[in-house]
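Notes to accompany the following structure.
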Amino acid sequence: MHPVVEQVTAALEQRSARRRERYVQRLAIAAERDPHKAMGCSNLAHAMAAQPEDATLIMKQGGSPHVAIISSYNDLLSAHAPLRDYPERLKAALAKAGATSQFAAGVPAMCDGITQGEGGMQLSLFSRDLIAQATAIGLTHGIFDGALYLGVCDKIVPGLLIGALHFGHLPAVFVPAGPMQSGLPNKEKAVIRQRFARGEASRDELLAAEQAAYHQAGTCTFYGTANTNQLLMEVMGLHVPGSAFINPYTPLRDALTDEAARLVAHNSRQGERYLPVGQQINARALVNAVVALLASGGSTNHTLHLPAIARAAGYELSWDDFAALSKVVPLLARVYPNGAADVNQFQAAGGPAWLLRELLGAGLLHNDVATAAGHGLRAYTREPWLQHERLAWRDLPVLSPALDIVRSAAEPFAEEGGLVLLSGNVGRAILKTSAVDPAFWQIRAQARVFDSEAAVQAAYRAGELQGDLVLVVRFQGPQANGMPELHKLMPLLANLQQAGQRVALVTDGRMSGASGQVSTALHVTPEAAAGGALARLQDGDWLLLDAQHGLLQVELTEQQLAARPLASASAELELGYGLEMFAAQRRLVSSAEQGASSLFED
């Protein structure tokens with residue numbers, strides 16, 4: 001193992017020892033309860049009332065696993081539309097494995113692509129915790145021996161996993177749906193977005209381009225948060241190996257879905273190998289997830305999700321862990337927005353299996369982890385295929401079939417990972433370097449300060465964003481308004497940069513996992529609404545953003561900065577989106593570095 005990976009893992013275990021010990025104790029207590037023996041007759045009768053007769057007989061006899069199906073299906077989200085028929089397919093596969101099952105809960109799922117720039121985006125991050133709670137409601141009936149979790153997109157998979165970890169005595173397998181077939185290339189779509197922002201393309205032209213990119217059921221094909229989710233489920237051993245990027249409605253996808261059912265039954269207490277998910281997700285699995293995120297140039301949103309997932313499992317994962325690993329983990333993949341390829345091309349070039357094989361070979365991943373497949377992480381370094389109509393796995397080529405998409409650990413795209421931790425008197429922030437030309441990694445310019453995305457758009461249309469500048473967009477953190485993504489700003493900033501201006505963005509908000517090109521300091525902590533330095537910045541302040549040296553500084557003395565008044569944002573909520581119902585989450589939410597969650601008391 002690489003010594004830094006070992007050191008980060010050991011430090012994570014040490015700082016989390018008490019929290020993890022309490023968590024494991026709760027698992028042991030929960031695991032002692034046998035639902036088939038402990039449940040009262042009236043309770044059991046209610047649970048079996050709508051079951052087929054054969055399933056009722058099996059449940060009455062006991063001794064066979066009873067599996068929950070938790071799904072985020074709706075047909076509003078293209079990525080989740082293929083999940084419609086999964087429950088019945090999974091029930092049939094579970095029956096073949098000698099298990100019974102029930103659809104235990106549907107959880108909410110919203111699409112950031114639909115809500116970008118709209119009021120509803122302010123609920124996006126909070127939906128993760130609500131999904132975790134909805135998962136708990138489905139499982140809290142207390143009759144299950146394992147669970148299958150059906151989800152794909154941004155907050156949904158982290159929410160499902162957080163919920164699953166609160167029932168960590170149960171085995172878990174995550175069941176994805178796969179990406180849509182490739183449509184209009186992502187770079188061509190981005191060009192049309194920038195032309196529209198400049199007034200050079202009509203709305204009809206923009207809509208036609210967007211529809212050509214997002215054109216059928218399945219996950220969007222860029223490497224944003226949704227597809228980063230799928231890679232992380234692979235490296236954490238929660239998938240059937242190779243499940244992440246197989247297209248929907250294909251025989252191979254169906255075979256992988258059936259195998260998920262077999263594995264969860266196999267891993268139950270009534271199966272051959274009991275694997276509680278709370279034991280599976282340990283410090284080694286979490287470090288593996290961070291390493292894979294960095295090596296793939298994955299979504300910045302996971303600097304929020306992984307700490308929240310870790311906390312649900314009894315660990316205190318910090319941004320310093322990300323930073324330490326980023327110094328030694330090479331960038332091995334170029335997938336849009338970090339390159340031209342989409343996830344279908346990434347999969348064809350070797351996909352997650354390639355990435356994991358190279359990282360294991362370089363000693364950057366822990367192989368000695370429990371996985372759903374049961375053979376350590378190396379089982380996830382082969383690709384699935386149908387051999388005589390039966391699911392099988394085969395080795396990948398030794399050499400990269402596409403050097404512009406995947407590289408070996410010996411010859412990476414970059415020696416360091418795709419994320420950088422910035423710190424200074426403005427606060428701590430995350431910057432994604434893998435999608436930004438190194439020529440723009442250091443920017444020193446005067447600030448233009450705004451309190452909303454809409455105000456920036458208005459200033460751009462008015463031609464007010466002239467010369468080199470650092471755009472500060474504050475009061476976008478979790479306490480202020482739920483931490484929306486500010487994806488609408490990227491075409492504007494990209495236009496300014498292409499026009500010769502040196503520009504950067506500093507914000508306590510989030511940015512889409514698909515964003516790149518412009519240096520962006522995200523998730524600034526403390527946020528403005530919590531009294532962070534962002535609330536003291538003014539137009540004309542000189543700011544330094546330096547990715548190479550990890551700096552985020554305003555050129556003011558400590559005394560000058562402290563003497564500044566704290567700005568305050570408007571308390572008005574945009575009407576018609578239900579934002580008023582989430583006031584408690586805004587009050588209780590933790591900092592971005594702690595995962596921006598309202599589920600944990602400490």
Output for Cβ contacts, cut-off 6 Å, separation at least six or different chains, first residue outside the structural domain of GLY271 (by TED's automatic domain parsing) in the stretch 38-63, second of a type in the set (A, V, I, L, M) and in a loop (DSSP other than H, G, I, E, B), reads ALA47/ILE143
Scanning the stretch 484-508 residue by residue, those farther than 20 Å from ASN338 by Cα, under 22 Å from the mean Cα position of the chain (by Cα) and either of a type in the set (S, T, N, Q) or modelled with pLDDT under 95 (or both) turn out to be PRO484, THR507
Reported set for the stretch 470-503 where residues are surrounded by fewer than 16 Cβ atoms within 10 Å (Cβ to Cβ) and closer than 26 Å to GLY224 by Cα is GLN498
Those residues of the stretch 144-164 which are within 20 Å of the chain's Cα centre (by Cα) and either part of a loop (DSSP other than H, G, I, E, B) or surrounded by fewer than 24 Cβ atoms within 10 Å (Cβ to Cβ) (or both) amount to GLY151, VAL152, CYS153, ASP154, LYS155
Exactly one of GLN538, GLN560 is among the polar types (S, T, N, Q), in contact (Cβ under 8 Å) with a residue 60 or more places away in the chain and either surrounded by fewer than 21 Cβ atoms within 10 Å (Cβ to Cβ) or under 23 Å from GLU572 (Cα atoms) (or both), and that one is GLN538
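Please report, ordered by residue number, the helices (runs of 4 or more DSSP H) entirely within the stretch 1-55 with at least 3 residues that are farther than 20 Å from LEU365 by Cα.
Details: elements: 3-15, 17-32, 35-38, 41-48.
Where helices (runs of 4 or more DSSP H) fall fully within the stretch 1-55 and carry at least 3 residues being farther than 20 Å from LEU365 by Cα, they are 17-32, 35-38, 41-48.
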Residue hits (the stretch 94-112; part of a helix (DSSP H, G or I) and surrounded by fewer than 22 Cβ atoms within 10 Å (Cβ to Cβ)) are ALA95, LYS96
Of the residues in the stretch 429-469, those that are surrounded by 15 or more Cβ atoms within 10 Å (Cβ to Cβ), out of contact with any Leu (no Cβ under 7 Å at 6 or more places or on another chain) and charged (D, E, K, R) come to ASP451
Expected single match for under 23 Å from ALA81 (Cβ atoms) and at pLDDT 95 or above among LEU184, LEU150, LEU165, LEU207 is LEU150
Within the stretch 509-528, residues closer than 21 Å to CYS111 by Cα and out of contact with any His (no Cβ under 7 Å at 6 or more places or on another chain) come out as GLY509, GLY513, ALA514, GLY516, LEU522, HIS523
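Residues being surrounded by fewer than 24 Cβ atoms within 10 Å (Cβ to Cβ) and in a helix (DSSP H, G or I): count how many of those fall in the stretch 128-143.
7
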Considering only helices (runs of 4 or more DSSP H) wholly within the stretch 213-317, the ones with at least 3 residues that are more than 14 Å from the chain's Cα centre (by Cα) and among the aliphatic types (A, V, I, L, M) are 251-266, 283-296
GLU210 meets each of (1) touching a residue at least 40 places away in the same chain (Cβ under 8 Å); (2) under 28 Å from GLY351 (Cβ atoms) with one exception, condition (1)
Of the candidates ALA563, ALA535, the one satisfying the condition of being modelled with pLDDT of 95 or more and within 30 Å of the chain's Cα centre (by Cα) is ALA535
Those residues of the stretch 101-137 which are at pLDDT below 90 and either over 20 Å from HIS302 (Cα atoms) or among the aliphatic types (A, V, I, L, M) (or both) amount to ILE114, GLY117, GLU118, GLY119, GLY120, MET121
Contact list, first residue from the stretch 358-374 and among the small types (Gly, Ala, Ser), second anywhere and assigned to a helix (DSSP H, G or I), beta-carbon distance below 6 Å, six or more apart or interchain, is ALA370/GLN280; ALA372/LEU263; ALA373/ALA379
Exercise for the section: Using the structure shown, decide if GLN517 is at positive phi, of a type in the set (S, T, N, Q) and surrounded by fewer than 22 Cβ atoms within 10 Å (Cβ to Cβ). Expected result: yes
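The values are calculated or read from the model by the stated rules, or taken from the named source; none is laboratory data. Remember, it's a predicted structure, so these values are computed and weren't measured experimentally. Neighbour counts are summed over all protein chains in view; Cβ atoms, including those assigned to glycine, are modelled from backbone coordinates with ideal geometry.
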